[in-house]
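Notes for the one structure printed next.
The values are calculated or read from the model by the stated rules, or taken from the named source; none is laboratory data. It should be emphasised that the depicted structure is a prediction, and the values quoted were computed from it without experimental measurement. Please note: Cβ atoms are built from the backbone with ideal geometry, for glycine as well, and neighbour counts cover all protein chains shown.
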């Protein structure tokens with residue numbers, strides 16, 4: 001009887017040590033790999049993101065309908081300004097194709113601008129979770145980026161439907177969610193170090209707001225790269241968001257992926273910034289303990 005208790009106790013101790021070892025290895029892997037961290041906390045991330053989206057529109061009369069109304073109203077404003085007032089249209093392009101091109105360029109810009117501002121200030125508004133072990137601080141910025149792209153996601157669905165109705169539909173439209181996911185990875189990678197820096201430098205929010213306005217000018221939304229003058233064309237090529245916008249526009253209007261250089265730039269920017277931003281956040285998180 002006593003021997004069986006000793007054996008069972010040793011077995012239980014062995015299982016406990018094994019569980020602790022697996023847990024430690026899992027935590028070590030999650031610290032180095034943001035994809036495994038997202039996969040591990042996917043349920044909590046999904047629930048908190050939905051809660052964040054509902055909270056943004058709580059108390060408003062239209063509620064979640066603003067997710068569809070806001071991009072539609074801005075698109076109407078853009079169409080009225082450039083098509084009917086300034087009468088801008090690339091040579092050889094129909095009005096319908098031009099409207100789709102503008103909408104395809106405007107959606108990623110709106111999502112990026114909102115996500116960059118809200119994600120970079122996420123830790124300032126949630127200081128208590130900076131070194132939280134229950135809900136990792138890395139997911140706070142990601143949650144804000146995902147919730148900020150809610151309107152973009154719904155607008156993307158409306159864009160796909162409008163593209164099919166207007167006769168420009170193609171199987172390439174199925175790649176639009178993939179490109180949006182790549183842009184979310186790129187934006188999250190940017191917001192991770194910026195959210196830490198915003199704890200110390202409060203002026204970052206004002207600088208980013210001005211930067212988003214400048215990106216609207218330096219993004220090929222209402223014009224093409226070929227029609228842009230020399231200095232503006234250089235700014236467009238230096239703008240990392242331009243490569244995502246060009247990919248969206250090519251898939252919607254032309255039904256194909258853009259050139260290999262633009263496609264490769266999207267992949268390098270998204271994965272490179274995602275992993276680099278995660279590593280910078282991991283290394284700088286402890287250094288910003290006093291500012292939390």
- Flagged in the stretch 163-173 as on the phi > 0 side of the Ramachandran plot and surrounded by 21 or more Cβ atoms within 10 Å (Cβ to Cβ), in numbering order, are none
- Item | Those helices (runs of 4 or more DSSP H) lying entirely in the stretch 190-292 with at least 2 residues assigned by TED's automatic domain parsing to the domain that holds residue 111 and farther than 27 Å from residue 35 by Cβ | 204-217, 230-238
- Note on the structure: Across (1) within 12 Å of the chain's Cα centre (by Cα); (2) surrounded by 19 or more Cβ atoms within 10 Å (Cβ to Cβ); (3) closer than 21 Å to residue 256 by Cα, residue 176 clears everything bar (1)
- Query: For residue 287, which of the numbered conditions (1) modelled with pLDDT under 90; (2) farther than 21 Å from residue 188 by Cα fails to hold?
  - Reply: (2)
- When residues of the stretch 129-159 are filtered for being part of a helix (DSSP H, G or I) and more than 18 Å from residue 109 (Cβ to Cβ), how many remain? 7
- Only one of (1) surrounded by 24 or more Cβ atoms within 10 Å (Cβ to Cβ); (2) under 24 Å from residue 239 (Cα atoms) is not met by residue 99, so which one is it? (1)
- Query: Do you know which residues across the stretch 238-271 are over 16 Å from the mean Cα position of the chain (by Cα), under 19 Å from residue 186 (Cα atoms) and exposed (fewer than 15 other Cβ atoms within 10 Å of the Cβ)?
  - Reply: 238, 260, 261, 264
